[in-house]
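> Encoded as structure tokens, here's the structure I'll be asking about.
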Amino acid sequence: MESGRRHGALERSTIAALGDLWLRDVRIAGSPAPTDIVIERGRIASVGPPPAEWRAEAIDCHAHLALPGLVDGHAHLDKTLWGQPWRPHSAGAGLPALIENEREARVELAPVVERAAALLEAYVANGTTLLRTHVDVDPENGLRAVEGVLEVAARFADRIEVEVVAFPQSGILAAPGTERLLDAALRAGASLVGGLDPAGVDGDAAAHLAIVFGLAERHGCGIDIHLHDRGPLGRGQVGLVIERTRALGLAGRVTMSHAFCLCDGEPEVEPLLEELAEQRIGLATVAPAHTSPPPLERLFELGVPVCLGQDGVRDLWSPWGDADMLSRAGQLAWRAGYRRDADIERCVEIATTQGALALGVDDLRLSPGGRGDVALVPASCRAEAAVAHPPRALVVKNGVPVAGSLRSSATRCDTRDPTSA
Ligand SMILES: [Zn+2]
């Protein structure tokens, strides 16, 4: 099966605008002095001044730091209460109580379209240009949430690329009818099939994974599985996912979300990490407050793709989250105990270029050929940007300014060479 993504929002849509833009006087990591970025038809054409004949919108960036567009690799747009009145947390402790509380309370919420759109506005303002969201699919909800999020994703396609995982939040075997609905969600436009604690929630890991991998094979899509199960129970399921990924030739198409069982430092983890690297199975972390972060240094050494997410943002699961992936990168560095710039900057990479790689996107970078997705912040370096996470001064998607207060200093490059026509 071919690698890479088959039907991301951008590929599906032909409406994404591709712009020409000259970002003057930007700071770039690794560059000793401020420079320029030139974007042509949505792609970075050069780092440095444009040729004399260049004609396009120019923006003076006052030596702000340029980052590649930020990436949320694990979100839940359909669950958010963003933009809604404050709602005190009402769920009991533990996964079953959280799932049940949501099932009961979600009927009172404003439509998915309204809440997801409000949250995407915040993501765009914070410089996010690529986002993977899991969206609930279950017999009560049907495809309502998937259709709502797909509608909003299409509306925002010029500003942020959104890909949808059809997510069985109530289990598959535990909620009869869900397998058929997942199949329908993939036909409706979801890009990946999700899973949820095949053993812990559904009680039969082999049967759950047979359905998930069967759907992926049938639809030629990727997989992203939530795994909260810890210890030997969790590790056994990671082993099963690796086995099936290898058997079906799905290397590079599978992500494990959370995978707390790989974060406890037990010696049995190491061989699994090596196999994750071999099968290019990604790991999505949300820098959780209640458990250790993944063994980042070892994952980097092995080359396991890692992405970072907000998970739920102000929802029935938790009141936390701010739709700011720079603040989340700082949180990951803080949870990991990092203090040195180089370590903190690895977390910014996970929230940008490395995170995109984990989602199968290999052209998010500030170099020629990279996609013209840029977030500008008033910071001297990436470590300062993660620690202070100041408001984004400018956000550019495919060469088109989409948020921020920096404005064009000229509509044409008529200051560089006034004699050329
Ligand atoms: Zn999640």
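> What's the total number of residues in the stretch 134-157 that are aliphatic (A, V, I, L, M) and either within 16 Å of the ligand (Cβ to nearest atom) or at positive phi (or both)? Reasoning before the result, please.
Step one: list which residues in the stretch 134-157 are aliphatic (A, V, I, L, M), which gives 135, 137, 143, 145-146, 149-150, 152-154, 157.
Still in the running and either within 16 Å of the ligand (Cβ to nearest atom) or at positive phi (or both): 135, 137, 145-146, 149.
The qualifying residues number 5.
> Among the residues of the stretch 145-168, are any in contact with a helix residue (DSSP H, G or I) (Cβ under 9 Å, 6 or more places away or on another chain), in the same structural domain as L326 (by TED's automatic domain parsing) and modelled with pLDDT under 95?
No - not one qualifying residue is present in the stretch 145-168.
> Still on this structure, I have one more. When you scan the stretch 124-144, how many residues do you find that are under 11 Å from the mean Cα position of the chain (by Cα) and either modelled with pLDDT under 95 or among the hydroxyl-bearing types (S, T, Y) (or both)?
3
> Looking at (1) under 30 Å from L109 (Cβ atoms); (2) among the basic types (K, R); (3) part of a helix (DSSP H, G or I), which is the one condition that is false for R346?
(1)
Rundown of residues vs (1) within 16 Å of the ligand (Cβ to nearest atom); (2) touching an Asp or Glu at 6+ places or on another chain (Cβ under 8 Å); (3) touching a residue at least 12 places away in the same chain (Cβ under 8 Å), yes/no style:
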position: V201; (1), (2), (3): yes, no, yes
position: L209; (1), (2), (3): no, no, yes
position: E217; (1), (2), (3): no, no, yes
position: C221; (1), (2), (3): no, no, yes
position: H228; (1), (2), (3): yes, yes, yes
position: R235; (1), (2), (3): no, yes, yes
position: V238; (1), (2), (3): no, no, yes
position: V241; (1), (2), (3): no, no, yes
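> When you check A105 against the structure, is it touching a helix residue (DSSP H, G or I) at 6+ places or on another chain (Cβ under 7 Å), part of a helix (DSSP H, G or I) and of a type in the set (A, V, I, L, M), yes or no?
no
> So which residues in the stretch 42-57 are among the basic types (K, R) and at pLDDT below 95, if there are any at all? Write out each step before concluding.
Looking only at the stretch 42-57, we keep the residues that are among the basic types (K, R), and these are 43, 55.
Result: R55, single match.
> Being surrounded by fewer than 19 Cβ atoms within 10 Å (Cβ to Cβ) and either within 16 Å of the ligand (Cβ to nearest atom) or hydrophobic (A, V, I, L, M, F, W, C) (or both) narrows it down to one of T285, T291, T255, so name that one. Steps first, answer last, please.
Numbers: T285 fails: surrounded by fewer than 19 Cβ atoms within 10 Å (Cβ to Cβ); T255 fails: surrounded by fewer than 19 Cβ atoms within 10 Å (Cβ to Cβ).
Just one listed residue meets the conditions, T291.
> Please find, among D322, D264, D311, the residue that is crowded, with 21+ Cβ neighbours inside 10 Å and charged (D, E, K, R).
On the way: D322 fails: crowded, with 21+ Cβ neighbours inside 10 Å; D264 fails: crowded, with 21+ Cβ neighbours inside 10 Å.
Just a single option satisfies the conditions, and that option is D311.
> T245 - would you say it is surrounded by fewer than 19 Cβ atoms within 10 Å (Cβ to Cβ) and among the β-branched types (V, I, T)? Quick ask: steps written out before the conclusion?
Values: surrounded by fewer than 19 Cβ atoms within 10 Å (Cβ to Cβ): no; among the β-branched types (V, I, T): yes.
So T245 fails the test.
> Restricting to the stretch 294-308, what's the tally of residues that are assigned to a helix (DSSP H, G or I) and surrounded by 19 or more Cβ atoms within 10 Å (Cβ to Cβ)?
Taking the stretch 294-308 as the starting set, the residues that turn out to be assigned to a helix (DSSP H, G or I) are 296-302.
Those still in the list that are surrounded by 19 or more Cβ atoms within 10 Å (Cβ to Cβ) too: 296, 299.
Here the count works out to 2.
Let's see how each residue does on (1) over 25 Å from the mean Cα position of the chain (by Cα); (2) of a type in the set (V, I, T); (3) crowded, with 22+ Cβ neighbours inside 10 Å; (4) within 16 Å of the ligand (Cβ to nearest atom):
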| site | (1), (2), (3), (4) |
| --- | --- |
| P34 | yes, no, no, no |
| I44 | no, yes, yes, no |
| A58 | yes, no, yes, no |
| L65 | no, no, yes, no |
| D78 | no, no, yes, yes |
| L81 | no, no, no, yes |
| W86 | yes, no, no, no |
| S90 | yes, no, no, no |
| L95 | no, no, no, yes |
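> A further question follows. Please specify each residue of the stretch 329-343 satisfying the condition of being touching a Pro at 6+ places or on another chain (Cβ under 8 Å) and not in a loop (DSSP other than H, G, I, E, B). Full working, then the answer.
The first filter runs over the stretch 329-343 and keeps only residues touching a Pro at 6+ places or on another chain (Cβ under 8 Å), leaving 332, 335-336.
Result: L332, R335.
The values are calculated or read from the model by the stated rules, or taken from the named source; none is laboratory data. Predicted model only: the values in this text are computed from it and were never measured. Because the Cβ atoms are built from the backbone with ideal geometry, glycine has one as well, and the counts that use them run over all protein chains shown.
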